[in-house]
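Peer 1: Below is a structure I'd like to ask you about.
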Amino acid sequence: MFEQLSGRMSKVFEGLSKGGKLSENDVTEAMREVRLAMLEADVALPVVRSFVSKVKERAIGGEVLEGTSPGQMVAKIVNDALVEALGGAGAVSLDLAANAPVPLLMVGLQGAGKTTTAGKIGLRLAQREHKRVLLASLDVQRPAAQLQLQQLAERAGGLTQGRVKSLPVVAGETPLEIARRAMETGRREGFDVVVLDTAGRLAIDEPLMAEVRQIRDETNPAETLLVVDAMTGQDAVNTARAFKEQVGISGVVMSRMDGDARGGAALSMKAVTGAPIKFTGSGENLEALEEFHPERVAGRILGLGDIAGLVETAAEKLDHEEGERVAKKMMAGKFDLDDYMSQINQLNRLGSISGLLGMLPGMGKLKDKLAGKELDTSVFDRHKTIISSMTKAERRSPSIIKASRKKRIASGSGTSVAEVNRLLKQFDEMSTMMKRINKMGLAGIMRGLGQAGGMGDMFKGMGGPGHPMG
C-alpha cells in the first residue's frame, strides 16, 4: 500500500546534487517534494508539517559521510524520521501482564474487520504463546456477528488442538451481561485470555461510546485495541481520535493493509492518537496478522527493503528440511519432477511474488518495469496437475515419456500434449542449468550473472506475452 509514496521518495533522493555538503536549497527542494508526496499519500497535514520541519532541521548543513551521496544522507535522515513518526523502532507487543483471564477489548466501527481480527488474535496467542483463548461476541446489533465469531473460533481451535473456543450464545442478553458471563467463564474454565468483541456502528455515535465505556469499566481490560480499515485513509485517523478521546485505546490494528490505500493513515496514527500500531491484517485468512515494525515499514517506503521480514516469512512458511533435501539433489544433478513439484509447493506457501520483490532492497525499479502487474504463476498449478497424472517412474525419469505416454498424461490432467511437451522442455532446461551450476561453482555463477546483466535479466519477460509464465 506504500508503493506510490515509495516511488515519489526515491525520485526525491536521486535528484539531490552530488556535492560534499547538503545546501539549504538542496534540502528545501527535496522537502518540498517530500511534503507533496506525503500529502498525496493522505498523511494528516499537522503530521506532514512536523515531519518536514524535523528532517529539514537535521539535514541542512549536514556533512556528507565518506562513501555516501547527499541523496543517501537525506534518505537516512528521512528514514529515522519515518520510524519515529510510525512509533519508534521495534514492534509493541500485547500487554498480557495481568491475572488470568486477561481481558482484551476489541473496538471499532462496523465493517473495519473487528470480528475477523478477534479471531486472528485468538489464533496468534494460541499458536505462538500457547494460551487458552475464549472469544466472546458482545455484538447483539448485527444478527450474524455472534455466529461469525463462533465459526472463527472453531477454525482457530482446529488449528491449535482446541486452545481457542467461543462463548456459547444466550439469547436476550445485553452486551454488559455477555461481558460478565465471558469473564466468569474464563475464570471458571481456566482460560488465559478473554477477547471481548464489541459491537460497531456505521459511524461514531454516543450510544456506541456509552456501551463500550460500560464494558470497559466492568471488565478493566489489559488492552483496548481499536481496529481501523486502512483503506479509509484519514477517516480511519478521525475514528481513532474519537475512540481515544471518548473511550481510551492502548493500541491500533490496521486491517486491509494489502489494499491499494495510500498509506497516510499508518503514518498519521501514532502522532494523532499517541497509541502504537500493534498489528496489521491483510485478507480473511486467520493467519494473516502481523506485528507492526515501524523500521521495516520505513525501509520499504524508502526502497530499502525488509530483509528481516522476508527471513521471518520464509522461516514461518517454508519446510526447511524438504528445501535442504531438494537443494542437495539439485546440486548433485539428480533433480526430478517430484522435486520440482515440491519446489512449487514451497513457492506457493510464500504468497505473492510481487510482495516478496518489495521486501528486497533495490527491487522497486524492477517492480516498476513489471507495470504493477502480479506475475502470473498459474502455470505452476497446471504443471502440478500434469505431474500428478504421471506414474512414479515417469516423474523420476522424464526421459521415458514418449508420444503414447504424453497423450495419456494430457488426457488424465485435462491439458494438451503441447502443454506436456512445454513442461518437459522447461524441466530439461532447468536440469541442464543445475548441472552447469554444479560445475561452475559460486564464483562462476556470479560471473555469469554479471555478464547476463544482473537480476533484471533474470526476470526479463516473466509474465509477458508468449512467455511460458504468461
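The values are calculated or read from the model by the stated rules, or taken from the named source; none is laboratory data. All values derive from a computational prediction rather than experimental measurement. Cβ coordinates were reconstructed from backbone atoms using ideal geometry, including for glycine residues, and neighbour counts include every protein chain displayed. Ligands, DNA and RNA are excluded from the accessible area calculation, which covers all protein heavy atoms including side chains. Shrake-Rupley method; radii C 1.70, N 1.55, O 1.52, S 1.80 Å.
Peer 1: Residues of the range 207-241 with the amide nitrogen closer than 19 Å to a label point 7 Å from the Cα of Ala288, along Cα-to-Cβ, please.
Peer 2: Only 227-233 pass the distance filter.
Peer 1: What does the charge dipole of the range 153-303 about its Cα centre add up to, to the nearest 20 debye, if the Cβ of each Lys and Arg holds +1 and the Cβ of each Asp and Glu holds -1? Each step should come with its number before you reach the end.
Peer 2: Working: 18 positive and 23 negative charges, 61 e Å.
It comes to approximately 300 debye.
Peer 1: Next up: Place the peptides 36-47, 281-292 in order of packing, highest mean first, counting for every residue the other Cβ atoms within 10 Å and averaging per peptide. Write out the running numbers ahead of the final one.
Peer 2: Values: 36-47: 18.8, 281-292: 17.2.
Packing proxy ranking, top to bottom: 36-47, 281-292.
Peer 1: Could you give the C-alpha radius of gyration of the range 200-283 expressed as a fraction of 2.2 N^0.38 Å, taking N as the number of residues it contains?
Peer 2: Numbers: Rg = 12.6 Å, N = 84, 2.2 N^0.38 = 11.8 Å.
Compactness ratio reported: 1.07.
Peer 1: Okay, next question. So, in nm, how far is label Glu40 from label Asp428 when the simple model puts each one 7 Å beyond its Cα toward the Cβ?
Peer 2: Between Glu40 and Asp428, the simple spin-label model gives 4.9 nm.
Peer 1: What FRET efficiency would be calculated for the residue pair Leu159, Gln110, taking the C-beta separation as r and a Förster radius of 30 Å, to the nearest 0.05?
Peer 2: On the way: r = 27 Å, r/R0 = 0.90.
Using R0 = 30 Å, I get an efficiency of 0.65.
Peer 1: Sorted by average packing, counted as other Cβ atoms within 10 angstrom per residue and highest first, what order do 397-406, 86-95 take? Write down the numbers at each step before the final one.
Peer 2: Numbers: 397-406: 12.8, 86-95: 16.6.
So the peptides 397-406, 86-95, ranked by packing, come out 86-95, 397-406.
Peer 1: Quick one: pull the percent of accessible area on the range 41-177 belonging to carbon and sulfur, 1.4 Å probe, ligands and nucleic acids left out. Kindly include the intermediate steps, with their values, before the conclusion.
Peer 2: Details: 3140 of 6190 Å².
Carbon with sulfur: 51 percent of the solvent-accessible area.
Peer 1: With a point put 7 Å past each Cα toward its Cβ, work out how far Arg128 is from Arg180 in nm, to one decimal.
Peer 2: Using points 7 Å along Cα→Cβ, the separation is 3.5 nm.
Peer 1: Using each residue's phi in the range 86-91, evaluate 6.51 cos²θ - 1.76 cosθ + 1.60 at θ = phi - 60° and report the 3J(HN,Hα) Karplus result to the nearest Hz, with x for Gly and Pro.
Peer 2: My calculation for the range 86-91 gives 7, x, x, 5, x, 6 Hz in order.
Peer 1: Could you give the size of the charge dipole of the range 188-275 about its Cα centre, using +1 on the Cβ of each K and R and -1 on the Cβ of each D and E, expressed in debye and rounded to the nearest 20? The partial results should precede the final answer.
Peer 2: Numbers: 9 positive and 14 negative charges, 64 e Å.
With only Lys, Arg, Asp and Glu charged at Cβ, the dipole is about 300 debye.
Peer 1: Separate question: What are the extents of the Cα atoms of the range 40-190 along their three principal axes, listed from largest to smallest and rounded to whole Å?
Peer 2: Taking max minus min along each principal axis of the Cα atoms, the range 40-190 gives 67, 31, 26 Å.
Peer 1: Based on the Cβ-Cβ distance of Ala89 and Arg32, what FRET efficiency does E = 1/(1 + (r/R0)^6) give at R0 = 35 Å, to the nearest 0.05? Intermediate values should be presented prior to the final figure.
Peer 2: Values: r = 28 Å, r/R0 = 0.79.
Efficiency, from the Cβ-Cβ distance: 0.80.
Peer 1: Describe numerically, in nm with one decimal, the distance between label points set 7 Å from Cα along Cα→Cβ at Leu202 and at Ser404.
Peer 2: Computed distance between label sites Leu202 and Ser404 equals 6.9 nm.
Peer 1: Taking all protein chains together and a probe of 1.4 Å, list Arg155, Arg296 from the most accessible to the least accessible. Please report the intermediate quantities before stating the final value.
Peer 2: Numbers: Arg155 125, Arg296 40 Å².
Heavy-atom accessible area, descending, gives Arg155, Arg296.
Peer 1: Oh, and also: Can you pull the semi-axes for the range 154-195, root of five times each eigenvalue of the Cα gyration tensor, sorted largest first, whole Å?
Peer 2: Working: eigenvalues 86, 32, 10 Å².
Each semi-axis is √(5λ); the values are 21, 13, 7 Å.
Peer 1: Let me ask another. State in Å² the accessible area per residue of the range 30-161; use a 1.4 Å probe, count heavy atoms of protein chains only, and round to the nearest integer. Let's see the in-between values first.
Peer 2: Numbers: 5820 Å² over 132 residues.
So the range 30-161 comes to 44 Å² accessible per residue, rounded to a whole number.
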